[in-house]
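**Q** Got a structure for you, questions after.
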Amino acid sequence: MCKVLESNEKCEYRKKWEIGFKFLGDSKVEKIKNLVISRSKMKLWIIRAITTVMLWTCVVQFTAMEDLWGPRLLKGWPSCFNHPERPLADKLSPVPAKIVLPPKSEIKSIPPKRVYKNNGYLLVSCNGGLNQMRAAICDMVAIARYLNVTLIVPELDKTSFWRDPSEFQDIFDVDHFITSLRDEVRIFKELPLNYKNRVERGMFYSLPPISWSDISYYQNQILPVVKKYKVVHLNRTDARLSNNGLPLEIQKLRCRVNFNALRFTSQIEELGRRVVNILRERGQFLVLHLRYEMDMLAFSGCTHGCNSEEVEELTTMRYAYPWWKEKIINSQMKRKEGLCPLTPEEIALILSALDIDRNMQIYIAAGEIYGGERRMASLAAAYPNLARKETLLKPSDLKYFQNHSSQMAALDYLVSLESDIFVPTYDGNMAKVVEGHRRFLGFKKTVLLDRKLLVSLIDQYNNGSVSWDDFSSTLKDYHIDRMGSPKKRVVIPDRPKEEDYFYANPYECLQLLDEPPETT
C-alpha cells in the first residue's frame, strides 16, 4: 500500500512497475529489484563521496585564504578556525602556528643550486700534506666554477711521506662542502655511471696544469680539452692558480671555500674544541708550530745541531724520495739564508727575548720532534708548561686518529686558530694557511719570525759579540710590525714563488683596506 504522503502519480507508477514484472516469476522479480536497489545505493554513495570531497576542498581553500589574506581581507570575518582563547598576534600571524621554520643559519647554509650548461667533469688528485691540499682544493673549486664543469670530490694524497690513507670525507664534512657551494659550482661525490665506465676504459685526459697560472690559462687551454674528452683529470693541484692578477670574484670564492666550505668532520671539530677548552681553563696559551720533524729536515737539508749519525740518516732519506729534486745541500749556507726551520734550542732563546712569560702554556703543534727529548731539553727548561694533544687527551680519544697524519694535523690546525699567540718556526703550508685564517678571524696575533735575521743574531749572542739586552731589544724592534697586522701582499711580476702567498694574506676578503686590491 502506498504511504499517505506519496502522490497518486507515484503510487500508480509503482503499481504498474510491480504488475509489469509479475509474469517473470517471483524469483526473477526479486533479483531485478535487488539489482536496481543496489545500483541506487551505489549512486547515492558516489554522490555523497563527491560532495564530501568538494566540501573538504572548499574548507582547505578557505583555510588557505584565511592564512594568506586573513590580516588584510578576512580580518573580522567569523570563522570556526578562529579560537577566542588564542592571542590576537597568533590570529593575525601570516605563518601557520604548526610550521616550524629552520634557523636562519641553516637556511643560509643551503643556497639554491646553480643551473648552467655542464661542459664536463673535473677529477683532481691533490698532492702534499693537509694544508697544501687544502689550498689546492680551494683553487680547484674556483677553476671548476669558471669553466662550468662539475667537480668530483677531490682525491687526497696517500703516497707522500706520511702515507695517510684518509679520504676527503675522513677529514672534511663532505656534505657541507657540497651544499654550501651549490650556488657556485656543482660537486658530485663520484662520477655518473656512464662516465665512470669511460674512465675505466681510459677515455679521459690527464695532465698536470702549469703552476701559478691565471684563469685565462684554464679557459684557453684546459676548457677545450674538457669539452673534447668530457672528463679531465688534473694530477697535480698545488699552486695551480696565481697569487695575483685574478678577478676579485675568484679571490673571494677561494676564501669562501677555505673559510666556510672546508669544515672538518664533527669528530675532529669536537676533539679540537676539547683541547682548546682544556687549555683555556688553565689560562692563555701560545701555539708553537715547531716544524722540526724528520721529513722537514730531510727535505730542506737542514742539519744544524744534529750529530753525524742523524746527518747521514736525513741525507739517506732525502735521496730515497725521487720527487725531492734537490739532493746536494749545504746546510750551513742554507741556514744563513734563513731557509731552515728554527731548532728547539733557537726558539727557546727567541721566545725569552720576546718576553713571553715563562709560565705561559706552550702547545706544540707538530709531529714527532727529531732528536726527541734531547733536542727539546732547552725549550722545556725555559718553558716548563709544554703541552701536546697527546698529553692533554687520553689515548682512547686519539686512537681513531693514530696513523692518520692529516687528521692529527687538523686537530693542531683548530687549536692554532684559537690560540692567543701563534708562532710558526718555518713558513711551510700550515704556517701560511693558519696565518691567513687568523688574519681573516680579526688579525689574531701571529709572530712572523725573520729567520735570516734571527740566526745571525743568535750566532752573535752565542759567541758573545752581542749582549742579551741588545739581542732582545733588536729582536723585539724588528718584529713589532710582523704580528699578523693588516698589510698588502707583495707583488713580484714573473716571480710568483717570491710573492706573498695568497692564502697567507687574502686581503681581498678582509674588507679592511681603503685602497682597492692590486691585481698586477
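**Q** In segment 141-198, how many are polar (S, T, N, Q) and over 21 Å from Gln402 (Cβ atoms)?
**A** Total satisfying the criteria: 6.
**Q** Out of Val275, Val232, Val226, which single residue is part of a strand (DSSP E or B) and touching a Leu at 6+ places or on another chain (Cβ under 9 Å)?
**A** Step by step, each of Val275, Val232, Val226 is checked, and only Val232 is part of a strand (DSSP E or B) and touching a Leu at 6+ places or on another chain (Cβ under 9 Å).
**Q** Do we find a residue being in contact with a strand residue (DSSP E or B) (Cβ under 6 Å, 6 or more places away or on another chain), farther than 24 Å from Ile492 by Cα, open to solvent by less than 70 Å² (accessible area, probe 1.4 Å) and among the small types (Gly, Ala, Ser) anywhere in segment 200-218?
**A** Yes, that holds for at least one residue.
**Q** Report, by residue number, each residue of segment 210-223 that is within 21 Å of Asn118 (Cα to Cα) and either out of contact with any helix residue (DSSP H, G or I) (no Cβ under 6 Å at 6 or more places or on another chain) or in a strand (DSSP E or B) (or both).
**A** Correct list: Ser216, Tyr217, Gln219, Asn220, Gln221, Ile222.
**Q** Out of Ser93, Ser109, Ser125, Ser160, I need the residue that is out of contact with any His (no Cβ under 6 Å at 6 or more places or on another chain), open to solvent by less than 50 Å² (accessible area, probe 1.4 Å) and modelled with pLDDT of 95 or more. Which one?
**A** Ser125
**Q** Can you tell me how many residues in segment 242-272 are part of a loop (DSSP other than H, G, I, E, B), under 21 Å from Tyr400 (Cα atoms) and hydroxyl-bearing (Ser, Thr, Tyr)?
**A** Adding up the residues that qualify gives 1.
**Q** I'm trying to understand the selection: among the residues of segment 186-238, which are at positive phi and out of contact with any Ser or Thr (no Cβ under 7 Å at 6 or more places or on another chain)?
**A** Residues satisfying the conditions are Gly202, Lys230.
**Q** For segment 144-166, enumerate the residues that are more than 24 Å from Pro322 (Cα to Cα) and either of a type in the set (S, T, N, Q) or within 14 Å of the chain's Cα centre (by Cα) (or both).
**A** Listed by number, the residues that qualify are Asn148, Thr150, Val153, Pro154.
**Q** Filter segment 462-486 for residues that are in a helix (DSSP H, G or I), of a type outside the set (A, V, I, L, M, F, W, C) and open to solvent by 70 Å² or more (accessible area, probe 1.4 Å) and give the result.
**A** Hits for segment 462-486 are Asn462, Asp469, Asp470, Lys476, Asp477, Tyr478.
**Q** Next question, about the same structure. Quick one: count up the residues across segment 173-205 that are of a type in the set (Ser, Thr, Tyr) and free of Cβ contacts under 8 Å to residues at least 40 places away in the same chain.
**A** Of the residues in segment 173-205, 1 are of a type in the set (Ser, Thr, Tyr) and free of Cβ contacts under 8 Å to residues at least 40 places away in the same chain.
**Q** Could you tell me whether Tyr321 is at pLDDT below 95 and either under 18 Å from Val447 (Cβ atoms) or hydroxyl-bearing (Ser, Thr, Tyr) (or both)?
**A** yes
**Q** Which pairs do you get when a residue that is more than 17 Å from Gly484 (Cβ to Cβ) and part of a helix (DSSP H, G or I), found in segment 446-460, comes within reach of a residue that is open to solvent by 30 Å² or more (accessible area, probe 1.4 Å) and basic (Lys, Arg), reach meaning Cβ atoms under 9 angstrom, with the pair 6+ apart or on two chains?
**A** Every condition considered, the pairs that remain are Lys452/Lys336; Val455/Lys336; Ser456/Lys336; Asp459/Lys336.
**Q** Would you list the helices (runs of 4 or more DSSP H) that sit entirely within segment 293-405 and hold 2 or more residues that are open to solvent by 30 Å² or more (accessible area, probe 1.4 Å), within 24 Å of Gly128 (Cβ to Cβ) and without any contact (Cβ under 8 Å) to a residue 12 or more places away in the chain?
**A** 308-320
**Q** Looking at Gly436, is it surrounded by 14 or more Cβ atoms within 10 Å (Cβ to Cβ) and under 30 Å from Leu253 (Cβ atoms)?
**A** Against the criterion (surrounded by 14 or more Cβ atoms within 10 Å (Cβ to Cβ) and under 30 Å from Leu253 (Cβ atoms)), Gly436 qualifies.
**Q** Picking from Arg236, Arg256, which residue would you name as being surrounded by fewer than 22 Cβ atoms within 10 Å (Cβ to Cβ), at pLDDT below 95 and within 27 Å of Leu123 (Cβ to Cβ)?
**A** Arg236
**Q** Taking segment 132-149 as the region of interest, how many residues are in contact with a strand residue (DSSP E or B) (Cβ under 8 Å, 6 or more places away or on another chain) and surrounded by fewer than 19 Cβ atoms within 10 Å (Cβ to Cβ)?
**A** Of the residues in segment 132-149, 0 are in contact with a strand residue (DSSP E or B) (Cβ under 8 Å, 6 or more places away or on another chain) and surrounded by fewer than 19 Cβ atoms within 10 Å (Cβ to Cβ).
**Q** Restricting attention to segment 219-228, does a residue exist that is surrounded by 15 or more Cβ atoms within 10 Å (Cβ to Cβ), hydrophobic (A, V, I, L, M, F, W, C) and farther than 18 Å from Gly120 by Cβ?
**A** Scanning segment 219-228 turns up no residue that is surrounded by 15 or more Cβ atoms within 10 Å (Cβ to Cβ), hydrophobic (A, V, I, L, M, F, W, C) and farther than 18 Å from Gly120 by Cβ.
The values are calculated or read from the model by the stated rules, or taken from the named source; none is laboratory data. Nothing here was measured: the structure is a model prediction, and the numbers come from that model. FYI the Cβ positions are ideal-geometry reconstructions off the backbone, even for glycines, and counts take in every protein chain you see. Calculation scope for accessible area: heavy atoms of the full protein, side chains included, ligands and nucleic acids excluded. Shrake-Rupley method; radii C 1.70, N 1.55, O 1.52, S 1.80 Å.
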